[in-house]
Amino acid sequence: MTLASALDAHSIDYFRLSPMLIVFGAGVIAVLVEAFAPKQRRYRAQLWLAGGALVAAFVALMFVTASFMADGASVAMSGAVVIDGPALLLQGAVLVVSLGSIAVMGERRLDRVWAPLEVRTAAGERIAVGGSSGDAADADLPADAFTPSGATVPGSPDELVAGRAGAITTEVYPLALLAVGGMMLFGACGDLLTMFIALEVLSLPLYLLCGLARRRRLLSQEASLKYFLLGAFSSAIFLFGASFAYGATGSLSLSAIGDAVAGGELEPAADRTLAVLAVTLLAVGLLFKVGAVPFGSWVPDVYQGAPTPVTALMASATKVAAFGALLRVLHVSFGALEPQWRPALWAVAILTMVVATLMAVTQGDLKRMLAYSSVSHVGFALVGAITMSKDGVAATLFYVCAYALSAFGAFALLSVVRDGAGRESTEIAAWAGLGRRRPLVGAMMSLFLLSFAGIPLTSGFIAKFAVFSAAGDDGAWPLVIVGVLCSAVAAYFYIRVIVAMFFSDPPQDAPEVVTPSLLTSVPIALSAALTLVLGLFPQWLLDLATSAAFYRG
């Protein structure tokens, strides 16, 4: 190693780390705001701080990208962080969808606090809290998607008192910022130890956020517990795989592991066995995070139980970050072991596409159906991820970016349809006739569903065509055939919703579409517009993904 390369490896390079530092710094400041700011000012302060930090991080990312295009890839923090094409592209996607999710988290027009009902508190005091509808003044009290008091028992008088008093769980904003910072780091890690830390930083806040839903609190807390327990197991498995990688190669650096595996340094059979065990366990930990079958059994329950803004964040940004880490491990560290891990990942991709598609057909709840749809799209993206070529990496990068935009829009749009009690109405039967009563909502949801189905003139069609083309060129025709067949089956349950919205009569207790503020309507509109633009004019993002599909070794 030359002196220049040694200095480069051990430099911190604050400039190229600035997007992540801005988000993490804002998260720390948000914690201080939560601790010291007056309660009545926290909501606006946290919302502006989180939104401003994400915008500032995106602007900084543009400058870092310009520097990358001029000077090439680099490493920082003694090689712990890698700034290359895939990292920058995926960080941009994470910031875009995260900004939309933060905005939807701040929405306070969709839910409402009910009229007074007298109950007895734990201290024996009789007090009026929310109960039944009928009081217009109380119905005007703003409320967001999160419980007013996360530390109380679901449905308890104390929780209802907090809601009646207009309490806001503003700690969701620092939690979300820390999770987004972890997502940005996850796909840019240069060694396995940093990747494990990033995994925990993005996961722990999400465990908490999943249990803070205002409605269906018990379901929300069950989702949080399931996610936490299974996530703890996957993290342990990932760490176990990292230990095997160190035992086989003597390093935790992804590039050093890749050099040792590709350079024939694993001469003893024991070392090669350790390397195979390492990639197996690391892949299991990462496949859990992307939600692949059989490791994604948590996805439907967690997506259904979590607050919808959190579900939108997880279905979009978390998927992008997790695929960034999976691509980096497979292509940088263990590409030379492709003959060993490729058959297993073929099986995982096929199982993910087939099982998730068949399960989605049977769902009557739209939110749960979209959760299984999310799992099936993991299988489609895996088709490109396990294709060991630049075209495969580029196709996967395009796929996860395009899917993230559509997934965010679809889940966010669910939050505006409410039943008579003010709850989100996610039953497919309840959406009957909605497209005729509210054409704009029906049209946008139809656009997202058609994109998921891979119908031409949407981003989903271009994304599937890209990954199937890359896999076909690599000789993975069985994966392509299974993917096309699953896409055809999946079109049934997507079009079923569209038919219900536009060609079925509404039920007697049909839900209403609540007009949101700009915090929700603008992100949904931009998501729909980008889904359509990427279907009509995809070349700019395809070229960007192709130019970014180079990993620094």
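Bear in mind that the values in this text are calculations on the coordinates, not laboratory data. For clarity, every value in this text was computed on a predicted model and none was experimentally measured. No Cβ is skipped: glycine too gets one built from the backbone with ideal geometry, and neighbour counts run over all protein chains shown.
Please give the FRET efficiency for V484 paired with F233, using the beta carbon to beta carbon distance and R0 = 25 Å, rounded to the nearest 0.05.
Given R0 = 25 Å and the Cβ-Cβ separation, E is 0.15.
With θ taken as phi - 60° and the coefficients 6.51, -1.76 and 1.60, list the Karplus ³J(HN,Hα) couplings across the stretch 292-305 in order, rounded to whole Hz; mark glycine and proline as x.
For the stretch 292-305, the Karplus curve yields 7, 6, x, 8, x, 5, 6, 4, x, 5, 5, 5, 6, x Hz.
Using the number of other C-beta atoms within 10 angstrom as an exposure proxy, rank R164, R342 with the fewest first. Spell out each step's value before the answer.
On the way: R164 21, R342 15.
The order, fewest Cβ neighbours first, is R342, R164.
Which whole-Hz ³J(HN,Hα) couplings does the stretch 460-476 yield from phi under the Karplus relation 6.51 cos²θ - 1.76 cosθ + 1.60, θ = phi - 60°, glycine and proline marked x?
Rounded to whole hertz, the list is x, 5, 4, 5, 5, 4, 5, 5, 5, 5, 5, 5, x, 5, 8, x, 8.
Normalised by the number of residues in the stretch 162-269, what is the relative contact order in percent for Cα pairs under 8 Å and 6+ residues apart? Please report the intermediate quantities before stating the final value.
On the way: 86 pairs, mean separation 24.7, N = 108.
With pairs under 8 Å counted, the relative contact order is 23 percent.
Could you list F244, F380, F15 in order of exposure, starting from the residue whose Cβ has the fewest other Cβ atoms within 10 Å?
Numbers: F244 19, F380 28, F15 14.
In increasing order of surrounding Cβ atoms, one gets F15, F244, F380.
Tell me, W346, W48 in order of fewest to most beta-carbon neighbours within 10 Å?
Working: W346 17, W48 12.
Taking fewest neighbouring Cβ atoms as first place, the list is W48, W346.
If you take the beta carbon distance between S389 and L457 as r and set R0 to 22 Å, what does 1/(1 + (r/R0)^6) give as a FRET efficiency, to the nearest 0.05? If you can, show how the numbers build up before the last one.
Numbers: r = 27 Å, r/R0 = 1.24.
In this case the efficiency is close to 0.20.
Magnitude of the Cβ-charge dipole of the chain, K/R +1 and D/E -1, about the Cα centre, nearest 20 debye?
For the chain, the charge dipole is close to 980 debye.
How many nm separate the modelled label positions at S78 and R44, each set 7 Å beyond the Cα in the direction of the Cβ?
So the label points at S78 and R44 sit 4.6 nm apart.
Tell me, what HN-Hα J-couplings in whole Hz come from the Karplus equation 6.51 cos²θ - 1.76 cosθ + 1.60 at θ = phi - 60° for each residue of the stretch 390-403, using x for Gly and Pro?
Working through the residues one at a time gives 5, 5, x, 5, 4, 5, 5, 4, 5, 4, 5, 5, 5, 5 Hz.
In the stretch 287-320, which residues have a backbone nitrogen under 20 Å from the label point lying 7 Å from S243's Cα in the Cα-to-Cβ direction?
Inside the label zone: 287-288.
Can you figure out the FRET efficiency of D505 with A151, using R₀ = 60 Å and their beta-carbon distance, to the nearest 0.05?
Numbers: r = 45 Å, r/R0 = 0.75.
Between D505 and A151 the formula returns 0.85.
Between I197 and Q340, what length comes free when the chain is fully extended (0.36 nm per residue of separation minus the Cα-Cα distance, one decimal in nm)? All intermediate terms of the calculation are to be shown ahead of the outcome.
On the way: separation 143, 0.36 × 143 = 51.48 nm, distance 2.74 nm.
That works out to 48.7 nm of additional length.
Quick one: which residues, 5 or more positions from G433 or on another chain, have an amide H under 5 Å from its amide H? H modelled 1.01 Å from N in the peptide plane, none for Pro or chain starts.
Excluding prolines and chain starts, which carry no amide H, the hits are M501, F502, F503, S504.
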